[in-house]
Each structure stands twice: as structure tokens, then as C-alpha cells.
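Inspection log for the structure reproduced underneath, given as C-alpha cells.
The values are calculated or read from the model by the stated rules, or taken from the named source; none is laboratory data. The shown structure was predicted, so the numbers you read here are calculated from the model rather than taken from an experiment. Note: ideal-geometry Cβ built from the backbone for every residue, glycine included; neighbour counts use all protein chains shown.
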Amino acid sequence: MTQENNVLITGANGEVGHGLIAHLSRDAQLTIVATDIQPLDPALHAIPLTFVQGDILDPTLLKQLFEGRAYKTIFHLASILSTKGERSPELAFRVNVDGTFALLMRAVQQAREAQRMTKFLYPSSIAAYGLPDADTKREAGRVEEDAWCFPATMYGCNKLACESLGTYFARHYRRLDEPRSSYGLDFRSVRFPGLISAQTVPTGGTSDYGPEMLHHAAQGLSYDCFVREDACLPFMVMPDAIRALLLLEAAPRERLARLVYNVSSFSLSAGEIHRLTLKAFPSAVVRFIPDVNRQGIVDSWPCDVDDTAARRDWGWHPEYDRRRAFDDYLIPAIRERYRASAG
Ligand SMILES: NC(=O)c1ccc[n+]([C@@H]2O[C@H](COP(=O)([O-])OP(=O)(O)OC[C@H]3O[C@@H](n4cnc5c(N)ncnc54)[C@H](O)[C@@H]3O)[C@@H](O)[C@H]2O)c1
């Protein structure tokens with residue numbers, strides 16, 4: 001059972017999955033095993049990979065994924081996002097926490113059997129934070145990893161729980177065993193801000209008003225924004241999110257002082273996103289009709305995060321500031337996407 005070149009990607013059909021698979025497939029040495037509850041998106045059909053469809057909660061799927069294979073790295077992306085999680089908290093808990101726990105168990109077992117370390121990359125979220133109100137959020141400014149970890153959504157609770165579970169598996173799993181195994185999980189997590197992709201349209205996230213505004217404008221559709229104009233969140237474009245995952249994966253273990261890292265690139269209010277959208281699509285129609293409940297969730301997430309530790313430990317820096325994100329990536333690619341689908 002060799003694991004040198006095998007990577008497993010769960011939630012392969014999602015926004016991050018698309019970007020990550022496209023990127024990893026450029027390395028001909030890698031064998032990619034991908035899984036999702038939905039059939040593989042036709043956009044990924046041309047990429048050489050092994051796809052196994054199934055529910056992360058199904059033990060048969062996990063057995064199939066690990067039978068005869070070991071992985072050097074597992075990218076665990078399968079998740080129920082914040083808005084859907086708030087509407088179906090039980091489902092969110094099961095997929096996000098039970099699903100992650102089951103995969104962590106499998107991963108640690110394979111690591112011990114193969115007598116190797118297995119890297120487990122876990123995208124967490126700014127939803128792990130919970131500020132009590134908009135005034136506190138303004139005063140808090142750039143929030144460090146260990147401050148304000150009082151999540152106010154089921155999704156955020158799930159993220160914080162899985163960060164803790166991953167840390168437990170990496171540092172303390174079977175701590176009473178004598179002797180303790182030196183092999184196990186090398187858990188690494190990034191807390192992503194709201195992600196914006198030009199290639200995929202988001203579903204189920206609370207920060208989706210940013211990308212939704214742009215994708216609607218590019219199609220000539222009006223958009224009702226569900227937060228106030230002054231609602232501010234940190235955002236990151238997908239190429240930087242993929243880079244963050246891969247930089248963290250590549251970092252030498254001894255350089256990593258933490259297991260969970262903030263990463264940031266730029267912060268924008270909904271009004272600023274509107275102005276940037278209008279600059280590119282002057283006939284865009286956006287109405288601000290705040291939904292008090294969804295606004296409350298945005299008010300509980302920081303406007304900016306402190307990513308000093310990621311910069312220091314594994315050389316993180318975003319390649320896209322807000323100008324580059326819009327002018328060089330989002331606007332041209334979103335224009336192209338809808339020009340192609342109109343033609
Ligand atoms: N998109 C963002 O803005 C954002 C921000 C912060 C963190 N994240 C995290 O990054 C990761 C990937 O996010 P994404 O944007 O690609 O999400 P997504 O919703 O686009 O994709 C998630 C994928 O998981 C799959 N899935 C859902 N339930 C499943 C189950 N029971 N079994 C197997 N697969 C299942 C879905 O079919 C989907 O393809 C998630 O952990 C998410 O929490 C995303």
C-alpha cells in the first residue's frame with residue numbers, strides 16, 4: 001500500500017474542490033481520488049482522477065475510499081455551509097462534525113497501519129468567530145485566532161469543533177497507550193474568509209452576497225442584497241484560497257507553531273462591492289433589502305482577521321489585493337464565463 005502520490009479530496013464538486021482539482025491535476029505525479037455526494041460535475045470529467053460517489057456519513061463509502069489505498073494528504077472539503085446549516089442544524093452537525101470525525105478516524109488508522117504521517121488539510125472559516133454585535137465588531141478590528149471564538153451559527157460551532165477534533169487527533173489521540181505510536185495525523189487548518197470564484201456560483205454561504213452581486217450583474221439580472229451597505233467582511237479570491245491550502249500543505253511541520261491559521265487578503269463592505277460591480281457593469285441593478293437574521297450572522301463575523309502567524313510560519317501572502325482581485329481575476333473571468341454561456 002503506497003501513499004507517496006495519493007491525495008483524497010472530499011466535497012470535490014464544490015467551489016473549492018473545482019479549483020483544487022484543476023490545480024493538483026497539473027502535477028502528473030499525483031493520483032487524485034475525489035468523492036462527493038453528487039455525481040462528478042461534467043466540468044471535471046476531462047481531468048484524470050478516480051471518482052467515488054457517496055455520502056461522507058456512509059461507512060461503506062469510507063471503506064471503499066481507503067481499501068487498498070493510503071493517502072499522503074487528505075483535503076476534507078465536504079461540508080454543509082452556513083445558511084443551509086442554519087436552516088437544517090441537525091444535517092449540518094451530522095455532515096460537518098460526524099462526517100469529519102469518521103474521516104479523521106479512518107485517516108489516523110491508515111497512518112498507523114502505513115507507519116507514516118498523513119496530512120489532513122481542513123478548511124475552517126471566519127464563522128468560528130462570534131462577536132456579540134456590530135459595535136463590538138467595529139471595535140475588535142483585526143481579530144487573532146484565539147480571540148472571540150464564540151460562534152453564533154451551527155456551521156461556526158461545527159467548524160470550531162472540527163478544529164478541536166483535528167488538534168486532538170494530531171496531538172493527543174490514544175494518549176494513554178503505552179508505548180504511544182509516533183505515527184498519526186498531521187492536521188493543518190486555515191480559517192478562510194468569504195471566498196469568491198469566477199468559475200463557480202456559490203450556494204449556501206452567508207458571504208455569498210459578494211459573488212452573487214457580481215454573477216447577477218454579469219448576466220444582466222437584478223440582485224437583492226440581503227445585508228446592509230455597511231456590512232463588512234474579509235474576502236479572498238479562489239486562486240489565493242487554493243494557494244493558501246497548498247502552501248500550508250507544503251510547509252515543514254517544524255515551522256508550524258499552530259494547527260489552525262487565519263488567512264486574509266482584503267476586506268470590503270457590501271456597498272464597496274456594489275461600487276466595484278457598477279464600475280465593471282454600469283447597468284447593474286442592486287437593491288439593499290437587509291434580512292435582519294442573515295445580517296445578524298454577518299455582524300457576528302469579523303471585518304478583518306490577523307494572519308501574522310500564517311505569514312511568519314509558512315510564508316502566506318495573498319497575490320490578489322482588492323484591485324487585482326476585481327480587475328485581473330473576477331471581472332474578466334466572469335465576463336468570459338457568461339459571454340461563453342450566452343454564445
Ligand atoms: N466557500 C466559502 O466561502 C468558504 C469559506 C470558508 C470556508 N469554506 C470551507 O471550504 C470547504 C469547501 O467549501 P466550498 O465552498 O467548496 O463548499 P461547497 O458547498 O461549494 O461544496 C461542498 C461540497 O460538499 C458536498 N457534500 C455535502 N454534503 C455531503 C455529504 N454528506 N457527503 C459528501 N459530500 C457532501 C457537496 O455536494 C458539495 O459539492 C468547506 O469546508 C467550507 O466550509 C468555504
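Can you find, within the range 111-131, the residue that is farthest from residue 69 (Cα to Cα) among those that are out of contact with any Phe, Trp or Tyr (no Cβ under 6 Å at 6 or more places or on another chain) and assigned to a helix (DSSP H, G or I)?
If we take residues in the range 111-131 being out of contact with any Phe, Trp or Tyr (no Cβ under 6 Å at 6 or more places or on another chain) and assigned to a helix (DSSP H, G or I), then 128 is farthest from residue 69 (Cα to Cα).
Considering (1) more than 20 Å from residue 95 (Cβ to Cβ); (2) assigned to a helix (DSSP H, G or I); (3) charged (D, E, K, R), say which one residue 145 fails and leave the rest.
(2)
Can you pull out every residue in the range 123-142 that is among the small types (Gly, Ala, Ser) and over 14 Å from residue 260 (Cα atoms)?
130, 134, 140, 141, listed by residue number.
Is there a residue being crowded, with 21+ Cβ neighbours inside 10 Å and within 20 Å of residue 128 (Cβ to Cβ) anywhere in the range 274-285?
Checked the range 274-285: no residue is crowded, with 21+ Cβ neighbours inside 10 Å and within 20 Å of residue 128 (Cβ to Cβ).
When you scan the range 83-125, how many residues do you find that are aliphatic (A, V, I, L, M), buried (at least 16 other Cβ atoms within 10 Å of the Cβ) and out of contact with any strand residue (DSSP E or B) (no Cβ under 6 Å at 6 or more places or on another chain)?
Count: 6.
Identify all residues within the range 19-38 that are surrounded by fewer than 20 Cβ atoms within 10 Å (Cβ to Cβ) and within 10 Å of the ligand (Cβ to nearest atom); write none if there are none.
37, 38
Within the range 81-95, can you find the residues that are within 19 Å of the chain's Cα centre (by Cα) and under 14 Å from residue 203 (Cα atoms)?
If the condition is that a residue be within 19 Å of the chain's Cα centre (by Cα) and under 14 Å from residue 203 (Cα atoms), then 81, 82, 83, 84, 85, 86 are the ones that fit.
Regarding the range 65-80, can at least one residue be identified that is in contact (Cβ under 8 Å) with a residue 40 or more places away in the chain, within 12 Å of the ligand (Cβ to nearest atom) and part of a helix (DSSP H, G or I)?
The answer is yes, given that some residue of the range 65-80 is in contact (Cβ under 8 Å) with a residue 40 or more places away in the chain, within 12 Å of the ligand (Cβ to nearest atom) and part of a helix (DSSP H, G or I).
Would you point out which residue out of 254, 272 is farther than 17 Å from residue 327 by Cα and either modelled with pLDDT of 95 or more or within 19 Å of the chain's Cα centre (by Cα) (or both)?
After ruling out the rest, the residue left standing is 254.
Take the range 191-208 and flag every residue that is surrounded by 24 or more Cβ atoms within 10 Å (Cβ to Cβ), of a type in the set (A, V, I, L, M, F, W, C) and more than 6 Å from the ligand (Cβ to nearest atom).
Answer for the range 191-208, where residues must be surrounded by 24 or more Cβ atoms within 10 Å (Cβ to Cβ), of a type in the set (A, V, I, L, M, F, W, C) and more than 6 Å from the ligand (Cβ to nearest atom): just 196.
Are any residues in the range 1-47 over 28 Å from residue 196 (Cβ atoms) and not in a strand (DSSP E or B), and if so, which ones?
Result: 1, 2, 3, 4, 5, 28, 29.
Is it the case that some residue within the range 49-59 is within 14 Å of the ligand (Cβ to nearest atom), more than 18 Å from the chain's Cα centre (by Cα) and in a helix (DSSP H, G or I)?
Looking through the range 49-59, at least one residue is within 14 Å of the ligand (Cβ to nearest atom), more than 18 Å from the chain's Cα centre (by Cα) and in a helix (DSSP H, G or I).
Name the residues in the range 286-316 that are farther than 30 Å from residue 252 by Cβ, acidic (Asp, Glu) and surrounded by fewer than 19 Cβ atoms within 10 Å (Cβ to Cβ), would you? Quick ask: steps written out before the conclusion?
First pass over the range 286-316, keeping only residues farther than 30 Å from residue 252 by Cβ: 286-301, 303.
Going one step further and asking which of them are acidic (Asp, Glu), we end up with 291, 299.
291, the sole residue that qualifies.
Does the range 99-114 include one or more residues that are in contact with a Ser or Thr (Cβ under 6 Å, 6 or more places away or on another chain), within 25 Å of residue 236 (Cα to Cα) and of a type in the set (D, E, K, R)?
no
Looking at the range 133-173, which of its residues are surrounded by 12 or more Cβ atoms within 10 Å (Cβ to Cβ) and of a type in the set (D, E, K, R)?
Passing the criteria: 137, 138, 142, 144, 145, 159, 163, 171.
For (1) out of contact with any Phe, Trp or Tyr (no Cβ under 9 Å at 6 or more places or on another chain); (2) closer than 16 Å to residue 210 by Cβ; (3) among the aliphatic types (A, V, I, L, M), each residue gets a yes or a no:
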site: 292; (1), (2), (3): yes, no, yes
site: 298; (1), (2), (3): no, yes, yes
site: 302; (1), (2), (3): no, yes, no
site: 311; (1), (2), (3): yes, no, no
site: 314; (1), (2), (3): no, no, no
site: 329; (1), (2), (3): no, yes, no
site: 338; (1), (2), (3): yes, no, no
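Please give the number of the condition residue 312 fails out of (1) farther than 30 Å from residue 187 by Cα; (2) among the charged types (D, E, K, R); (3) at pLDDT 95 or above.
It is condition (1) that residue 312 fails.
Please go through the range 113-170 and give me each residue that is away from the ligand (no atom under 12 Å from the Cβ), basic (Lys, Arg) and either touching a helix residue (DSSP H, G or I) at 6+ places or on another chain (Cβ under 7 Å) or without any contact (Cβ under 8 Å) to a residue 24 or more places away in the chain (or both), ordered by number.
119, 137
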